Amino acid sequence: MSSVEREILSLPTDGKRLLLHSCCAPCSGELMEAFLASGIDYTIFFYNPNIHPRAEYDIRKDENIRFAEKHNVPFIDADYDVDEWFKRAKGMEDEPERGIRCTMCFDMRFARTALYAYEHGFDVITSSLGISRWKDFDQINDCGLRAVEPYEDITYWTYNWRKNGGSARMIDISKREEFYQQEYCGCAYSLRDSNRWRQANGRSRIKLGEKFYSLEIKQESPLPLAGEG
């Protein structure tokens, strides 16, 4: 773990156990190191049925498992419920990023996270999705708060993980660990739209599983609305 100076965090509402919904290693790396530095008891919950295709899902999950094992953090590998995700996305195929399809996606993933927390004695949940600059922070928090409404004793932590240098540390950790660098949000429609943008701007289509962060090699600028989560 890096030796950067961090504020000491404490769970909201005097919480004791945190369940972190993780979308990928690059986004969760900063949160994971922040929790470890603050002595917070947490477990990773990987439930991301939106990620398409399966090969992309597997590499993102495996990168997250690799980093969790490095720090001895418990990792819950939830179902790849992709058929249900496509069923819920029906009719939203052409919605833009940050639109109602994304709300549906966050709702689905956070509802499962909150249910697992309820069933296994966690009293706080949060998500690494909130650190991504490509995401609508308020939209994510709204979905998280909605997910815990059925559970009286579970809190969704709305902390802004981007502040106080969090976004910069996220990139630094990704380069240090040489994480896989995904180039679109994750779903089939994000991949489609990212490739359309690339073709319209004279760039080659995304090649899955080939690009990694590096300390030595300068990365290309990310695409609009591509990237994490």
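The values are calculated or read from the model by the stated rules, or taken from the named source; none is laboratory data. Because the structure is predicted, anything quoted here is derived from the model rather than measured. Using ideal geometry, Cβ is built from the backbone for each residue, glycine included, and neighbour counts are taken over all protein chains shown. The accessibility values were calculated without ligands, DNA or RNA, using every heavy atom of the protein model including side chains. Shrake-Rupley method; radii C 1.70, N 1.55, O 1.52, S 1.80 Å.
Computed quantities for the displayed model
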| read-out | value |
| --- | --- |
| Unsatisfied cross-links (Cα-Cα over 20 Å) in the set LYS175/LYS211; LYS16/LYS175; LYS90/LYS211; LYS61/LYS211 | LYS16/LYS175; LYS90/LYS211 |
| Peptides 134-147, 182-195, 202-215 ordered by average Cβ neighbours within 10 Å, highest first | 182-195, 134-147, 202-215 |
| Mean residue ellipticity (222 nm) of the chain, computed from DSSP H runs ≥ 4 via -39,500 (n - 2.57), nearest 500 | -13500 deg cm²/dmol |
| Dipole magnitude of segment 160-220, debye to nearest 20 (Cβ charges: Lys/Arg +1, Asp/Glu -1, about Cα centre) | 240 |
| Spatial separation of Cα centroids for segment 1-63 and segment 160-199, in angstrom | 15 |
| Given charges at beta-carbon only (K, R positive; D, E negative), |dipole| of the chain in Debye | 800 |
| By average C-beta atoms within 10 angstrom, highest first, the peptides 116-124, 172-180 | 172-180, 116-124 |
| Percent carbon-and-sulfur accessible area, segment 1-116, ignoring ligands, DNA and RNA, probe 1.4 Å | 49 |
| Three-way shape label, segment 1-64, alpha-carbon gyration tensor, a/c 1.5 | oblate |
| Simple Cβ-charge dipole of segment 1-121, Lys/Arg +1 and Asp/Glu -1, about Cα centre, in debye nearest 20 | 120 |
| Accessible area expressed per residue, the chain, with surrounding protein chains retained (probe 1.4 Å, Å²) | 47 |
